[in-house]
Amino acid sequence: MNDPMTPALARLLGAITEEAIFVLAGGASDAREAIAGVVKRRADAHAAVMNAKPAPSMLDSFDAWSLEMSRAAAGISPPDFVPMADVLGEKVTLAAGARGIRSLFSSKPNEKDEARVRRLGTIAVEAARAIYSADGSIDADEARSIGWLIASLGLSDADAQKLATLPGVKPEKIELHGEVDAGVAKALVRGAWLVAAEDGLDPREEEAVRMLAHRVSVATQEVEHARNEAVARVDARRALGLCATEGIRYVLSDRVPGDGVALASKTCALAVPRRFREEVLGQIAHGGLVSLAKRHAGLATADRTCALGVAWAAALHENPTLARRSTLRARFDRFAADVGDEGGRVRTLVEGVIDEALAIAAAQ
């Protein structure tokens with residue numbers, strides 16, 4: 001008998017595993033809740049996928065897909081690779097919908113929230129653009145990152161288009177239109193340092209960040225602390241991204257060419273900071289086997305969970321048979337042990353969210 005449900009659920013599985021990779025590559029602090037939240041927000045996209053309608057995907061239309069994912073994740077767990085993610089964390093986004101008592105009656109933010117996000121979001125976008133352009137013209141990767149930030153604000157299409165086409169200005173020319181509260185000001189400076197540190201700190205970028213900090217009244221001591229923190233965070237992102245991409249390559253070592261290369265490359269574009277990306281992409285393109293040598297044993301627990309979660313989500317992407325899944329599980333558990341974790345813990349975390357989403361879809 002023909003079974004139209006199984007192919008539809010297989011397509012949905014592919015979409016959800018890609019969503020899990022996006023969330024985990026961004027270093028979610030509560031991985032399970034973050035994946036579950038994003039999956040729930042992607043209900044419309046899931047319906048399109050199950051009905052075999054065209055929809056952006058990680059492997060076939062990365063730019064369009066990553067814009068959709070940035071918007072979906074912004075109000076739940078803003079990924080570290082989105083510029084000014086710390087500003088989004090200060091509720092400078094409409095992607096989360098209405099807040100407080102009003103959320104019981106409507107999902108639409110009120111005019112005050114919209115005005116706040118429009119003002120502060122514009123400052124964040126202009127600041128990111130100013131830092132990116134301080135050491136030269138903005139390239140395709142930087143333009144994509146700015147697009148992620150604009151999408152994450154959750155503004156209307158018209159407002160988003162205005163932000164995308166604003167001419168670049170230097171930090172001293174950014175219109176603040178009033179005071180910037182202390183929490184957002186500090187987040188702006190942290191975000192600016194992270195933007196600058198992505199490809200290695202340049203004196204021109206440093207000058208631009210300090211000018212921005214002066215404009216939003218952040219004390220010198222806090223500016224220097226944020227600088228050191230940004231350098232450490234970029235190094236930590238490199239460690240997470242390298243572990244995640246190597247995990248994919250190890251578990252999917254028999255899918256080269258195939259998912260073992262494609263998923264690792266796209267994950268690298270998300271998780272690995274620009275200054276280290278060429279090195280990682282070179283390793284992926286070379287196609288050599290990943291050796292287990294405890295290179296990732298020093299990862300922090302949350303980063304280890306995210307990196308391993310990426311690898312297991314990638315393993316499930318092709319909807320493996322039960323027999324193949326056993327092989328993938330054996331490889332994954334060996335890699336997890338080399339990293340210093342228990343494979344079963346992370347597998348359960350990732351599978352729990354995916355199984356629940358697929359079961360609900362099947363029941364409906």
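The values are calculated or read from the model by the stated rules, or taken from the named source; none is laboratory data. Worth saying up front: this structure is predicted, and the values here are computed from it rather than measured. Here the Cβ is made from the backbone with ideal geometry for all residues, glycine too, and neighbour counts use every protein chain on show.
Residue under question is residue 313, and the condition is that it be more than 12 Å from residue 246 (Cβ to Cβ), of a type outside the set (Asp, Glu), buried (at least 20 other Cβ atoms within 10 Å of the Cβ) and in the same structural domain as residue 10 (by TED's automatic domain parsing); does it hold?
Working: more than 12 Å from residue 246 (Cβ to Cβ): yes; of a type outside the set (Asp, Glu): yes; buried (at least 20 other Cβ atoms within 10 Å of the Cβ): yes; in the same structural domain as residue 10 (by TED's automatic domain parsing): yes.
Yes; evaluated as a whole, the condition is true for this residue.
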(request) State yes or no: is residue 199 of a type in the set (Asp, Glu) and surrounded by 15 or more Cβ atoms within 10 Å (Cβ to Cβ)? (result) yes
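Does residue 288 satisfy the condition of being exposed (fewer than 15 other Cβ atoms within 10 Å of the Cβ), without any contact (Cβ under 8 Å) to a residue 60 or more places away in the chain and outside any helix (DSSP H, G or I)? Before the answer, list the steps.
Details: exposed (fewer than 15 other Cβ atoms within 10 Å of the Cβ): yes; without any contact (Cβ under 8 Å) to a residue 60 or more places away in the chain: yes; outside any helix (DSSP H, G or I): yes.
For residue 288, the condition - exposed (fewer than 15 other Cβ atoms within 10 Å of the Cβ), without any contact (Cβ under 8 Å) to a residue 60 or more places away in the chain and outside any helix (DSSP H, G or I) - is met.
If you go through segment 216-256 one residue at a time, how many are touching a residue at least 24 places away in the same chain (Cβ under 8 Å) and farther than 23 Å from residue 23 by Cβ?
First, pick out the residues of segment 216-256 that are touching a residue at least 24 places away in the same chain (Cβ under 8 Å): 216-218, 222-223, 226-227, 229-231, 233-234, 236-253, 255-256.
Remaining after also requiring farther than 23 Å from residue 23 by Cβ: 216-218, 222-223, 226-227, 231, 253, 256.
So the answer is 10.
Please find, among 337, 330, 293, 363, the residue that is exposed (fewer than 13 other Cβ atoms within 10 Å of the Cβ), over 30 Å from residue 83 (Cα atoms) and at pLDDT 95 or above. I'd like the intermediate steps shown before the answer.
Values: 337 fails: exposed (fewer than 13 other Cβ atoms within 10 Å of the Cβ); 293 fails: at pLDDT 95 or above; 363 fails: at pLDDT 95 or above.
One residue alone meets the criteria, 330.
Sort out which residues of segment 292-306 are of a type outside the set (A, V, I, L, M, F, W, C) and touching a helix residue (DSSP H, G or I) at 6+ places or on another chain (Cβ under 9 Å), and write them in order of number.
Selection gives 294, 295, 296, 298, 303, 304, 305.
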(message) Six or more apart or on different chains, Cβ atoms under 7 Å: show the pairs whose first residue is in segment 132-150 and within 15 Å of residue 197 (Cα to Cα) and without any contact (Cβ under 8 Å) to a residue 12 or more places away in the chain and whose second is of a type outside the set (Asp, Glu) and surrounded by 13 or more Cβ atoms within 10 Å (Cβ to Cβ).
(response) 142/132
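For residue 151, indicate whether it is modelled with pLDDT of 95 or more, under 22 Å from residue 23 (Cα atoms) and touching a Lys or Arg at 6+ places or on another chain (Cβ under 8 Å).
Spelling it out, residue 151 is indeed modelled with pLDDT of 95 or more, under 22 Å from residue 23 (Cα atoms) and touching a Lys or Arg at 6+ places or on another chain (Cβ under 8 Å).
What about residue 82, is it at pLDDT 95 or above, in a loop (DSSP other than H, G, I, E, B) and under 12 Å from residue 191 (Cα atoms)?
Numbers: at pLDDT 95 or above: yes; in a loop (DSSP other than H, G, I, E, B): yes; under 12 Å from residue 191 (Cα atoms): yes.
Yes; evaluated as a whole, the condition is true for this residue.
State which residue is surrounded by the most Cβ atoms within 10 Å (Cβ to Cβ) when the search covers only segment 202-215 and only residues that are free of Cβ contacts under 8 Å to residues at least 40 places away in the same chain and farther than 22 Å from residue 237 by Cα.
To start, the set of residues in segment 202-215 that are free of Cβ contacts under 8 Å to residues at least 40 places away in the same chain comprises 203, 206, 210, 213-214.
Checking the rest, the ones that are also farther than 22 Å from residue 237 by Cα come to 203, 210, 213-214.
On the way: 203: 9, 210: 19, 213: 24, 214: 14.
In this case the residue turns out to be 213.
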(message) Pairs needed: first member in segment 154-178, assigned by TED's automatic domain parsing to the domain that holds residue 117; second member anywhere, polar (S, T, N, Q) and surrounded by 14 or more Cβ atoms within 10 Å (Cβ to Cβ); C-beta distance under 7 Å; at least 6 residues apart or different chains.
(response) 154/93; 163/122; 168/133
(message) Can you say whether residue 307 is buried (at least 20 other Cβ atoms within 10 Å of the Cβ), over 13 Å from residue 13 (Cα atoms) and at pLDDT 95 or above, as far as the supplied structure shows?
(response) yes
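Regarding segment 228-250, can at least one residue be identified that is at pLDDT 95 or above, part of a loop (DSSP other than H, G, I, E, B) and either polar (S, T, N, Q) or in the same structural domain as residue 274 (by TED's automatic domain parsing) (or both)?
So in segment 228-250, the residues at pLDDT 95 or above come out as 228-250.
Within this subset, residues satisfying the condition of being part of a loop (DSSP other than H, G, I, E, B) are none.
Scanning segment 228-250 turns up no residue that is at pLDDT 95 or above, part of a loop (DSSP other than H, G, I, E, B) and either polar (S, T, N, Q) or in the same structural domain as residue 274 (by TED's automatic domain parsing) (or both).
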(request) May I ask you to list pairs of residues, at least six apart or on different chains, whose Cβ atoms are under 8 Å apart, with the first in segment 347-358 being free of Cβ contacts under 8 Å to residues at least 40 places away in the same chain and the second being surrounded by 13 or more Cβ atoms within 10 Å (Cβ to Cβ) and of a type in the set (A, V, I, L, M, F, W, C)? (result) 347/312; 347/332; 351/312; 351/316
(request) Would you mention how many residues in segment 216-238 are more than 15 Å from the chain's Cα centre (by Cα) and surrounded by 18 or more Cβ atoms within 10 Å (Cβ to Cβ)? (result) 6
